[in-house]
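I have placed the structure first, in the form of structure tokens, so that the comments after it can refer back to it.
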Amino acid sequence: MVEWKIQAECIKWFRNDFIDGLLADGLIELEQTKQLRMLYHGNQNELPLFTGVKMPAKIRAMLNAWCNKLRAMGLMAGVADTSLKCPVISEGKHYCFLEIEFKKAEKSSKQSERQLIYESAVNSVGGMYKVIRSVEEFKMFIDSLIIVI
């Protein structure tokens, strides 16, 4: 499965099944779901989608201008695909927030140098960074966490 489909399925499961399950089991109150719904895609990746794609020069110039505008607004390469901005506990260790990078199941799908730098930065400020390669891995990982809300 491609990365974006893994991510989309994980977000769908988290927002629907996981949160609704916690509510149904009486483990959280409705008000607390607001914080859990803050698992989101930050859209922080640069736009390499058009590299090598043939297109008219005018369109390429417009895309480049848009990318430059996004970079000026804070867009940066390497940022994780998804963030959860609430504390989590994993294996007895407390983290201030969670960042998740989705990759294809193939081990050849590796983090870029910028992603490794971002992972190190997250870890150095008390965050947790996790690479996920399947929907099943995501579900097991989330089920293993204690999310502090």
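Inspect all residues belonging to segment 22-29 and state whether any of them is in a helix (DSSP H, G or I), surrounded by 11 or more Cβ atoms within 10 Å (Cβ to Cβ) and at pLDDT 85 or above.
Within segment 22-29 (the criterion being in a helix (DSSP H, G or I), surrounded by 11 or more Cβ atoms within 10 Å (Cβ to Cβ) and at pLDDT 85 or above), the answer is yes, since at least one residue qualifies.
Under 6 Å between Cβ atoms, at least 6 apart or on separate chains: pull out the pairs that start in segment 1-27 with a residue that is without any contact (Cβ under 8 Å) to a residue 24 or more places away in the chain and end on any residue that is assigned to a helix (DSSP H, G or I).
Short answer, once both residue conditions are applied: Ile19/Thr33; Ile19/Leu36.
So which residues in segment 87-108 are in contact with a strand residue (DSSP E or B) (Cβ under 7 Å, 6 or more places away or on another chain) and assigned to a loop (DSSP other than H, G, I, E, B)? Show your work before the answer.
First pass over segment 87-108, keeping only residues in contact with a strand residue (DSSP E or B) (Cβ under 7 Å, 6 or more places away or on another chain): 87-90, 95, 97-103.
Answer for segment 87-108, where residues must be in contact with a strand residue (DSSP E or B) (Cβ under 7 Å, 6 or more places away or on another chain) and assigned to a loop (DSSP other than H, G, I, E, B): Pro87, Phe97, Lys103.
In this structure, does Leu84 turn out to be within 23 Å of Glu136 (Cα to Cα), touching a strand residue (DSSP E or B) at 6+ places or on another chain (Cβ under 8 Å) and at pLDDT below 90?
no
Is there any pair linking a residue in segment 55-78 that is surrounded by 13 or more Cβ atoms within 10 Å (Cβ to Cβ) to one that is at pLDDT below 80 and of a type in the set (A, V, I, L, M, F, W, C), with Cβ under 7 Å and at least six apart or on different chains, and which?
Leu63/Phe50; Cys67/Leu47
If a residue has to be surrounded by fewer than 13 Cβ atoms within 10 Å (Cβ to Cβ) and not polar (S, T, N, Q) to count, how many in segment 118-135 make the cut?
Summing the residues that are surrounded by fewer than 13 Cβ atoms within 10 Å (Cβ to Cβ) and not polar (S, T, N, Q) in segment 118-135 gives 2.
I'd like to know if segment 1-9 contains one or more residues that are closer than 22 Å to Lys139 by Cα, loosely packed, with under 12 Cβ neighbours inside 10 Å, out of contact with any strand residue (DSSP E or B) (no Cβ under 9 Å at 6 or more places or on another chain) and modelled with pLDDT of 90 or more.
No; the residues of segment 1-9 include none that is closer than 22 Å to Lys139 by Cα, loosely packed, with under 12 Cβ neighbours inside 10 Å, out of contact with any strand residue (DSSP E or B) (no Cβ under 9 Å at 6 or more places or on another chain) and modelled with pLDDT of 90 or more.
Scan Gln115, Gln111 and give me the residue that is part of a loop (DSSP other than H, G, I, E, B) and surrounded by 15 or more Cβ atoms within 10 Å (Cβ to Cβ).
Numbers: Gln115 fails: part of a loop (DSSP other than H, G, I, E, B).
It is Gln111.
Could you check segment 95-142 and list, in sequence order, the residues that are free of Cβ contacts under 8 Å to residues at least 12 places away in the same chain and under 30 Å from Ile28 (Cβ atoms)?
Hits for segment 95-142 are Asn123, Glu136, Glu137, Met140, Phe141.
The values are calculated or read from the model by the stated rules, or taken from the named source; none is laboratory data. Note that the structure is predicted; figures quoted are calculated from it, not measured. Virtual Cβ from ideal backbone geometry, glycine too; neighbours counted across all protein chains shown.
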